[in-house]
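Report on the following structure.
The values are calculated or read from the model by the stated rules, or taken from the named source; none is laboratory data. Being a predicted model, the structure only gives us computed values, none of them experimental. Ideal geometry is used to build each Cβ from the backbone, glycine not excepted, and the neighbour counts take in all protein chains shown.
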Amino acid sequence: MAKKWVAGFLLLSGCGIQEPAQPESELIEEVAAELDVPWSIDQSGDVFYISERPGTIAKIEDGQVEHQQVILAEPLSDMSEAGLLGFVLKPDFDESRQAYAYYTYDKDGEPYNRVVVLESSGTLWREAEVVLDDVCSGNVHHGGRLEIGPDKALYVTIGDASEPDTAQDLGSLNGKIVRVNESGDATVYSLGHRNPQGITWSEDGVMYASEHGQSANDEINIIKEGNNYGWPEIGGIEKTDGLETPLITSGANDTWAPSGMVWHDGVLYVASLRGETVLEIDIETLQVSKEIEGYGRIRDVFSDGEFLYFVTNNTDGRGNQAESDDKLYRVKK
């Protein structure tokens, strides 16, 4: 694995950037390369599974990447930002060989979102069950994050499909975070979201979500069941009775385009696409720092309890693709 010493900066040999005389305390290691628009990281034992937007699952074992085919019941949409997005292994994956996945597909010329159960058999994954379907989509704002909560339920982030008013419409799942319990019943957990793309929980069970603002004012929210997070009625630090103001925003003159999130060693980490960084957030002080920069667009972060991992997203059509992109990295923190 290629190793790079960092202190909030990328240090590449052969690229005109000098390494410091004294290495800093953090070490970033390249775990795997040549990923194809990776979106969501999960792990079983020592094996990583990463969803790839064109419709494959990258299985990574001992640094070797195998792009496993996924057989879906509907064709993937070719809309911007669409494809195979969220992915999370079921808690009993070792026995069931099943995972949840979120994808955008075309039906009658229009894009829709769907959450399904995938089943792994050898080098192939196949759609085995539909969990949510016929969720309207658009050219962007698909949402797409899946995570298993402390309560063992599946949580799903769904964007507003570029139709802001849907976020306040309880007759629509757009602009919502949806909870699916173990028996398969789905309920709206929170509403008033624009394009939420990350969720995680702290050790004490507090739920956090990341959300893309309108050109700026990206949000980090504490999510509570039944709360309304305001879009499109308010944005940024605006306040209105009955609507939640974000815990943190990027500000009116900056954008992060936050994506995947993870809680690691008492700190909240957030992948940033437009910001091209991993944000480190101290929840006590609400201080935000850019700990990892220089790797381009970052789509997801993951923690195995010991190491922090992140995956770049420079092959998504919006980044500056470098040789062997995209990559999975490991950080000792």
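Answer yes or no as to whether Glu24 is at pLDDT 95 or above, part of a loop (DSSP other than H, G, I, E, B) and among the acidic types (Asp, Glu). Full working, then the answer.
Details: at pLDDT 95 or above: no; part of a loop (DSSP other than H, G, I, E, B): yes; among the acidic types (Asp, Glu): yes.
So Glu24 fails the test.
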**Complete:** Ser259 meets each of (1) part of a strand (DSSP E or B); (2) of a type in the set (S, T, N, Q); (3) surrounded by fewer than 23 Cβ atoms within 10 Å (Cβ to Cβ) with one exception, condition (3)
**Number of positions in region 293-331 that are farther than 18 Å from Gln197 by Cβ, out of contact with any Leu (no Cβ under 7 Å at 6 or more places or on another chain) and not small (Gly, Ala, Ser)** = 10
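Does Gly175 qualify as being over 26 Å from Val278 (Cβ atoms) and surrounded by 16 or more Cβ atoms within 10 Å (Cβ to Cβ)?
Details: over 26 Å from Val278 (Cβ atoms): yes; surrounded by 16 or more Cβ atoms within 10 Å (Cβ to Cβ): yes.
When the stated conditions are applied, Gly175 passes them.
Among the residues of region 75-122, what is the count of those that are among the hydroxyl-bearing types (Ser, Thr, Tyr), over 19 Å from Asp316 (Cα atoms) and crowded, with 17+ Cβ neighbours inside 10 Å? Quick ask: steps written out before the conclusion?
Taking region 75-122 as the starting set, the residues that turn out to be among the hydroxyl-bearing types (Ser, Thr, Tyr) are 77, 80, 96, 100, 102-105, 112, 120-121.
Filter once more, so that each one left must be over 19 Å from Asp316 (Cα atoms): 96, 100, 112, 120-121.
Adding the requirement that they be crowded, with 17+ Cβ neighbours inside 10 Å leaves 100, 112, 120.
Total meeting the criteria: 3.
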**Item:** Residue in region 178-197 that is surrounded by the fewest Cβ atoms within 10 Å (Cβ to Cβ), counting only those that are among the hydrophobic types (A, V, I, L, M, F, W, C) and within 19 Å of the chain's Cα centre (by Cα)
**Value:** Val180
**Complete:** Going through region 311-332 in order, the residues found to be aliphatic (A, V, I, L, M), surrounded by 20 or more Cβ atoms within 10 Å (Cβ to Cβ) and over 15 Å from Ser40 (Cα atoms) are Val331
**Complete:** For region 128-172 the number of residues that are farther than 30 Å from Glu66 by Cα, surrounded by 23 or more Cβ atoms within 10 Å (Cβ to Cβ) and not polar (S, T, N, Q) is 5
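Here's a check for you: in region 277-288, which residue that is crowded, with 23+ Cβ neighbours inside 10 Å and without any contact (Cβ under 8 Å) to a residue 24 or more places away in the chain is nearest to Ile298 (Cα to Cα)? Spell out the reasoning first.
Within region 277-288, the first condition is being crowded, with 23+ Cβ neighbours inside 10 Å, and the residues that meet it are 277-279.
Filter once more, keeping what is without any contact (Cβ under 8 Å) to a residue 24 or more places away in the chain: 277, 279.
Numbers: Thr277: 6, Leu279: 10 Å.
Only one residue fits best here, namely Thr277.
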**Message:** Here are the criteria: (1) at pLDDT 95 or above; (2) more than 25 Å from Pro196 (Cα to Cα); (3) surrounded by fewer than 17 Cβ atoms within 10 Å (Cβ to Cβ); (4) not hydroxyl-bearing (Ser, Thr, Tyr). Tell me which single one Trp125 does not satisfy.
**Reply:** (3)
**Asked** Can you name the condition, by its number, that Glu66 falls short on among (1) under 30 Å from Glu163 (Cα atoms); (2) assigned to a strand (DSSP E or B); (3) acidic (Asp, Glu)?
**Response** (1)
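If you go through region 198-226 one residue at a time, how many are under 13 Å from the mean Cα position of the chain (by Cα) and free of Cβ contacts under 8 Å to residues at least 40 places away in the same chain? Break it down stepwise before answering.
Our first condition is that a residue be under 13 Å from the mean Cα position of the chain (by Cα); within region 198-226, this holds for 198-200, 208-212.
Then drop every residue that is not free of Cβ contacts under 8 Å to residues at least 40 places away in the same chain, which leaves none.
So the answer is 0.
Condition first: in a strand (DSSP E or B) and among the small types (Gly, Ala, Ser). Now tell me which residues in region 168-206 satisfy that. Talk me through it step by step, then tell me what you get.
Residues of region 168-206 in a strand (DSSP E or B): 176-180, 186-191, 196-201.
Hits for region 168-206 are Ala186, Ser190, Gly198.
Scan region 257-302 for residues that are within 10 Å of the chain's Cα centre (by Cα) and of a type outside the set (S, T, N, Q) and report the count.
Taking region 257-302 as the starting set, the residues that turn out to be within 10 Å of the chain's Cα centre (by Cα) are 258-262, 270-272, 298-302.
After this cut, where a residue has to be of a type outside the set (S, T, N, Q) as well, the list is 258, 260-262, 270-271, 298-302.
The qualifying residues number 11.
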**Asked** Which of the residues that make up region 142-167 are without any contact (Cβ under 8 Å) to a residue 60 or more places away in the chain and either assigned to a loop (DSSP other than H, G, I, E, B) or of a type in the set (A, V, I, L, M) (or both)?
**Response** Gly149, Pro150, Asp151, Ala153, Ile158, Gly159, Ala161, Ser162, Glu163
**Asked** Among the numbered criteria (1) free of Cβ contacts under 8 Å to residues at least 40 places away in the same chain; (2) part of a loop (DSSP other than H, G, I, E, B), which single criterion is violated by Pro232?
**Response** (1)
**Message:** Condition first: in a strand (DSSP E or B) and touching a Gly at 6+ places or on another chain (Cβ under 8 Å). Now tell me which residues in region 265-289 satisfy that.
**Reply:** Val270, Ala271, Ser289
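Mind counting the residues in region 291-311 that are assigned to a strand (DSSP E or B) and either among the hydrophobic types (A, V, I, L, M, F, W, C) or more than 16 Å from Val262 (Cβ to Cβ) (or both)? Break it down stepwise before answering.
Here is the first cut: in region 291-311, the ones assigned to a strand (DSSP E or B) are 291-293, 298-303, 307-311.
From the residues that got through so far, the ones that are either among the hydrophobic types (A, V, I, L, M, F, W, C) or more than 16 Å from Val262 (Cβ to Cβ) (or both) too are 292-293, 298, 301-302, 307-308, 310-311.
Number of matching residues: 9.
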**Request:** State which residue pairs qualify: first residue touching a residue at least 40 places away in the same chain (Cβ under 8 Å) and among the hydrophobic types (A, V, I, L, M, F, W, C) and inside region 73-89, second residue surrounded by fewer than 18 Cβ atoms within 10 Å (Cβ to Cβ) and not in a loop (DSSP other than H, G, I, E, B) in any location, beta carbons under 6 Å apart, and separation of 6 or more residues or different chains.
**Result:** Ala73/Glu127; Val88/Ile148; Leu89/Ser44
